[in-house]
Amino acid sequence: MSKLDAEFCESRCPVCTRAREGHRLARMLLKIELVLTRGGCPAGKARREKYGVRPDEKIPSEVT
């Protein structure tokens with residue numbers, strides 16, 4: 001698993017996984033990252049392409 005793929009963002013990224021769990025600081029950091037990088041880190045962008053959701057959103061059950 002590379003730090004550039006969707007699975008890293010989904011299961012191992014310390015910011016994204018905590019943001020999806022609702023941690024306020026992680027959500028704030030991720031929003032800043034999304035603005036500064038225009039879409040998030042490479043793993044977050046890969047997750048958006050693969051699952052169709054932002055890095056801070058949970059995957060809908062019908063996609064998995």
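Quick note: the coordinates plus some simple rules give every number you see, no bench work behind them. If you're wondering where the values come from, they're calculated on a predicted model, not measured in any experiment. For neighbour counting, all protein chains shown are included, and Cβ atoms are generated from backbone atoms with ideal geometry for every residue, glycine included.
Looking at segment 30-44, which of its residues are of a type outside the set (A, V, I, L, M, F, W, C), crowded, with 18+ Cβ neighbours inside 10 Å and part of a helix (DSSP H, G or I)? Passing the criteria: 33, 44. Pairs meeting the criteria (first residue in segment 1-26 and in a loop (DSSP other than H, G, I, E, B), second residue of a type in the set (A, V, I, L, M), beta carbons under 7 Å, at least 6 apart or on different chains) are 3/43; 4/43; 4/46; 5/43; 5/46; 13/43.
From the list 29, 36, the lone residue that is in contact with a helix residue (DSSP H, G or I) (Cβ under 8 Å, 6 or more places away or on another chain) and at negative phi is 29.
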